[in-house]
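Each remark here refers to the structure printed beneath this line.
The values are calculated or read from the model by the stated rules, or taken from the named source; none is laboratory data. Values in this document were obtained by computation on a predicted structure and should not be read as measured data. Cβ atoms come from the backbone with ideal geometry, glycine included; neighbour counts cover every protein chain shown.
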Amino acid sequence: MKIAILGGTGKEGKALARRWALAGNTIFIGSRQREKALRIAEELSQEIRGGRFEGGTNEEAAEKGEVVVLAVTSRGHRGLLLQMRDRVQGKVVIDVTVPLHPQNPTRLAFPVEGSAAQEAQTLLGPDVNVVGALHNLSAHRYDEAENPIDCDALVCGDDAGAKQVVLDLVRELGVRAIDAGSLENAVFLEGMTAVLLGINRRYGVKAACVEISGLPHVLKPVGTRLPGTQLSQKSH
Ligand SMILES: NC(=O)c1ccc[n+]([C@@H]2O[C@H](COP(=O)([O-])OP(=O)(O)OC[C@H]3O[C@@H](n4cnc5c(N)ncnc54)[C@H](OP(=O)(O)O)[C@@H]3O)[C@@H](O)[C@H]2O)c1
């Protein structure tokens, strides 16, 4: 799969890029600045032997990706959507954006459409399948050697086929992926991140996450071997 990550130069984008590349995907890093994207793609290529990384503008990335991930700050979300609309028609767009309040990251500033993912769906139109995912998993977790990651990722969207594509991609990150229903539920998934950030602060940890119990039949994550670690499988 060719996965374009818009804002792939940031913490979240780079962390996703590493793990997806390790699973055999080609990653196109997008940025507002072409040079910056090329530099990050080169750095990632050095880091992940055999990983396939390309870089370019967000526009180039949006055009080249089969699946397009929005990994920009919430401040840049709306503008990027308007800019990318024509280039992502007919594609699956994964929105990981959490609309955190710019002055207080344990509070949220939801857009008028309801959630960031719903804003994306509204602005991109009905021919784009927006799927909300990965909001509740800190980038720190992907960067750790932990494999599979001891967290669940909740995935929501209105198109069953698109959602399945994303559930499979999430498993490739080494995370258990759970179908969390329609895109309307993105408001809860995005909102949960603010709760987790508050928990991090109160308990002095970096990356609290969620795990759903009572789902023995959910597929295990695909093992991802990070450099210097052993492949392992957790038992659920
Ligand atoms: N970090 C996490 O643990 C985490 C976890 C779950 C979800 N998320 C979500 O993932 C997204 C990215 O988070 P992050 O931590 O990676 O953020 P970040 O490192 O602060 O920024 C990501 C990228 O956003 C781009 N950007 C910044 N301002 C922009 C603007 N005004 N317009 C367009 N692009 C802009 C920048 O790319 P260029 O300068 O190269 O264009 C930057 O590298 C956020 O929406 C966040 O809520 C993050």
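Go through region 166-185 and give me each residue that's among the charged types (D, E, K, R) and out of contact with any Pro (no Cβ under 9 Å at 6 or more places or on another chain).
Passing the criteria: Asp168, Asp179, Glu184.
Checking the condition charged (D, E, K, R), surrounded by 17 or more Cβ atoms within 10 Å (Cβ to Cβ) and within 15 Å of the ligand (Cβ to nearest atom), which residue from Lys14, Lys91, Lys36, Lys64 passes?
It is Lys14.
Every residue, every condition in (1) away from the ligand (no atom under 16 Å from the Cβ); (2) closer than 26 Å to Pro126 by Cβ; (3) of a type in the set (Val, Ile, Thr), yes or no:
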{"site": "Ser45", "(1), (2), (3)": "yes, no, no"}
{"site": "Gly50", "(1), (2), (3)": "yes, no, no"}
{"site": "Gly55", "(1), (2), (3)": "no, no, no"}
{"site": "Glu59", "(1), (2), (3)": "no, yes, no"}
{"site": "Val69", "(1), (2), (3)": "no, yes, yes"}
{"site": "Val72", "(1), (2), (3)": "no, yes, yes"}
{"site": "Arg87", "(1), (2), (3)": "no, yes, no"}
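How many residues are of a type in the set (S, T, N, Q) and modelled with pLDDT of 95 or more if we restrict to region 75-110?
Within region 75-110, residues that are of a type in the set (S, T, N, Q) and modelled with pLDDT of 95 or more number 3.
Starting from residues that are surrounded by fewer than 22 Cβ atoms within 10 Å (Cβ to Cβ) and more than 8 Å from the ligand (Cβ to nearest atom), keep the ones in region 23-33 and report whichever is farthest from Ala145 (Cα to Cα).
My answer is Thr26.
Taking Ala162 as the residue in question, decide whether it is small (Gly, Ala, Ser), within 17 Å of Gln121 (Cα to Cα) and buried (at least 17 other Cβ atoms within 10 Å of the Cβ).
Yes.
Please specify each residue of region 110-127 satisfying the condition of being in contact (Cβ under 8 Å) with a residue 60 or more places away in the chain and surrounded by fewer than 18 Cβ atoms within 10 Å (Cβ to Cβ).
Phe110, Gly114
Go through the residues of region 128-147 one by one and say whether even a single one is buried (at least 24 other Cβ atoms within 10 Å of the Cβ), within 15 Å of the ligand (Cβ to nearest atom) and modelled with pLDDT under 95.
yes
Filter region 148-178 down to residues that are among the charged types (D, E, K, R), out of contact with any Gly (no Cβ under 9 Å at 6 or more places or on another chain) and either touching a residue at least 24 places away in the same chain (Cβ under 8 Å) or within 16 Å of the ligand (Cβ to nearest atom) (or both), then give me how many there are.
Final tally of qualifying residues: 6.
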